[in-house]
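Student: The structure is given below, and queries will be raised subsequently.
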Amino acid sequence: MPPPGPRPGDPAPRRTSAAVFLAGLAVFAVLYAPQALLPELTRAFGVSPTAATLTVSAATVGLALGLLVLGPLSDRVGRTPVLHASLAAATVLAVLAALAPTWPVLLVLRGLQGFALAGLPAVGVAYLREELHPSVSSRAIGLFVGGTAIGGLSGRVLSGALADLGGWRTALGGIAALAVGCTVAVRVLLPASRRFTRVPRETPVLRQLARGFGDPVLLGLYALAALLMAGNVAVYNAVTFRLESEPYGLTPALAGLVFLTYLLGSVSSPLAGGLAERAGRRLVVPVALLVAGAGLALTLARPLALVVAGLAVLNVGFFAAHGVASGWVAARAALGGRPVGQAASLYSFWYYVGSSVGGTLAGRAWADGGWPAAAAVAGTGFGGALLLALLLGRSRSLQGR
């Protein structure tokens, strides 16, 4: 039997939490750094806005595919080997991306980078639940989620600031340097797995994976994740083009500051989770989506203050809906006797598929019709998610909400 996980007061939980926080920061900083650089990339490579968005979409497609591979792989070879290898590979690819000589090479590197980055979201929560005592694991998981949010935010804001100083190569190089530092720190701090139980090689992975598609409610939640993220990424892939264009004419650094509105999501998500425990997920998710839609509508106004306010409201609704929907998946899978980790991985897979599709469509919409067209793409995603949420609210409950 594996030894018990460390309890509060032991040094191991602090080291583990710090290591996984830094891993989350590095992964999501690298993943989303190009989102603030899209106008800069169109100018540097002479590509269209649609093509520029592929630097984000290629990585999220790679990440989605990586989730399906690296999660099951970690069940067989262990959590820490996958996590360390993932971070190391992604860091090397981040350095190479900053040096990419041509546009096709940059896109290939970003796709490979996304695949490598999947190692952390595929194993992070499983590692923390296995290695830490239940009395400290929830707090550590919260810190991990905080690291991913801060990483996504810092990658966008820092890359925008560095682009003002030296262009897109300086921006991606700075993010790569951050990733190098975090990767080394994780290597030093993260304890090796002691409580991991290897899954036998004869376990039919594909058959287990298929079980995640047997519940119509789970299927609906996967589709909701795709539509929700498609709407969000459509907004943020297009908004930097809008803010650097007339009548605003902001620099990349100033335009990147708009991503600070993501901080509101770190507040709205746990608040919505608490509300869902009292009022039910079936009510909270549609309300959160209506809030996101209201924020999107506000961005159609011309004054910059209203645009930023609209993005803030949108983030409140988006993160509330995403946080509650992801918890709904776990609860539904557990009550239905399905593998919770597998259901969560499938939710994340479709989440990033939606990111890739919505982000690319937003680039085309911006090129063809400006912000109203990009907002229409986002509105279609949020509207579809709202319709699904309403339909799911009428589904049969398995004693969960």
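Student: For segment 26-52, what are the residues that are under 18 Å from THR102 (Cβ atoms) and open to solvent by less than 10 Å² (accessible area, probe 1.4 Å)?
Tutor: PRO34, LEU37, LEU38, LEU41, ALA52, listed by residue number.
Student: I've got another one for you. Please verify whether segment 309-326 includes one or more residues that are aliphatic (A, V, I, L, M) and over 21 Å from the mean Cα position of the chain (by Cα).
Tutor: Yes, segment 309-326 contains a residue that is aliphatic (A, V, I, L, M) and over 21 Å from the mean Cα position of the chain (by Cα).
Student: Related question: Tell me, please, whether a residue that is out of contact with any Ser or Thr (no Cβ under 7 Å at 6 or more places or on another chain), modelled with pLDDT of 70 or more, of a type in the set (Ser, Thr, Tyr) and under 25 Å from VAL267 (Cα atoms) can be found in segment 137-144.
Tutor: Within segment 137-144 (the criterion being out of contact with any Ser or Thr (no Cβ under 7 Å at 6 or more places or on another chain), modelled with pLDDT of 70 or more, of a type in the set (Ser, Thr, Tyr) and under 25 Å from VAL267 (Cα atoms)), the answer is no, since none of the residues qualifies.
Student: Right, another one. For segment 273-318, name all the residues that are outside any helix (DSSP H, G or I) and open to solvent by less than 50 Å² (accessible area, probe 1.4 Å).
Tutor: GLY280, THR299, ALA301
Student: For GLY166, which of the numbered conditions (1) open to solvent by 20 Å² or more (accessible area, probe 1.4 Å); (2) closer than 30 Å to ARG43 by Cα; (3) at pLDDT 90 or above fails to hold?
Tutor: Here GLY166 clears every test but (3).
Student: Looking only at segment 109-121, how many residues end up being touching a residue at least 40 places away in the same chain (Cβ under 8 Å) and within 17 Å of TRP168 (Cβ to Cβ)?
Tutor: 2
The values are calculated or read from the model by the stated rules, or taken from the named source; none is laboratory data. None of these values were measured; they are calculated from a predicted model. Glycine also receives a Cβ, built like all others from the backbone with ideal geometry; neighbour counts cover every protein chain displayed. Each accessible area value is taken on the protein alone, full model and side chains, heavy atoms only, with ligands, DNA and RNA left out. Shrake-Rupley method; radii C 1.70, N 1.55, O 1.52, S 1.80 Å.
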